[in-house]
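Below is one structure, written out as structure tokens; the observations come after it.
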Amino acid sequence: MTNFRNAVILSTALIFGMTGATFAQETTTSAETKTTVKAEAQAVEAPTESTDAGADEGNPTGLSLGEEAEQELAAGQLYIKEKVGDWEMRCVKVDVEGEEPCQMYQLMDDGAGSPVAEVSMFRLKDAGKAQAGGTIVVPLETSLPQQLTITVDGGKARRYPYSFCNQVGCFARIGLTAEDVASFKRGNAATMTIVPALAQDRKVELTLSLTGFTAAYDKVSVVEP
């Protein structure tokens, strides 16, 4: 390995030359021969101080430990810009200078850590009564006629229809009025209720944390309908 420059193997010619000299010189004692061989062996085995940049007190081998590389994002690639409370700010990389479109995102689980549904929210410009919009994705085996219901801190429930399903799941595209946004800002948690298609007498309640909602909402992009 080039990092261990001192660990050079003695050539066969040199070894044979030393052996021939030992036999030719009858006056050389066995003790002198052993001393010479031992010194040469130590010269091969003992590493000298490395000049590599990776060599320091914590890494005496001189082997490169690498360094953190910045990830290059392609235009159109989704990435997490930051986390605000329990919300992720998910943005899309653009290939020109300017503001990148961002939405606030949260993944909801079943209370045991298994993901069940997800929600993305954004603000709207000149959209009439709807000041914000959201996309909620639920599992495929959800009863669509039962629709999706949302309550904030146990308040009055609102019901939303599902728009479509694909291989990812079933989607509800919802609009939030100024009153809805205000209730989300002052609330602690929202409860989203879905009904399984194979057990329509059962309701699955998912908790959407509203911690950091106001700060995240103020950072999301404004979208024109």
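The values are calculated or read from the model by the stated rules, or taken from the named source; none is laboratory data. Every value quoted in this text rests on a predicted model; they were computed, and no experiment measured them. Every residue, glycine as well, gets a Cβ built from its backbone with ideal geometry; the counts of neighbours run over all protein chains shown.
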Among the residues of region 91-106, the number that are surrounded by fewer than 17 Cβ atoms within 10 Å (Cβ to Cβ) and under 24 Å from Ala178 (Cα atoms) is 1
Have a look at Ser120, Ser163 and point out the one that is touching a Lys or Arg at 6+ places or on another chain (Cβ under 9 Å), without any contact (Cβ under 8 Å) to a residue 24 or more places away in the chain and either at positive phi or surrounded by 12 or more Cβ atoms within 10 Å (Cβ to Cβ) (or both).
Ser163
Out of Asp86, Asp52, sole residue that is surrounded by 13 or more Cβ atoms within 10 Å (Cβ to Cβ), at negative phi, of a type in the set (Asp, Glu) and modelled with pLDDT of 80 or more:
Asp86
Filtered residues of region 123-160 (kept if free of Cβ contacts under 8 Å to residues at least 40 places away in the same chain, touching a Phe, Trp or Tyr at 6+ places or on another chain (Cβ under 8 Å) and of a type outside the set (A, V, I, L, M))
Thr135, Gln147
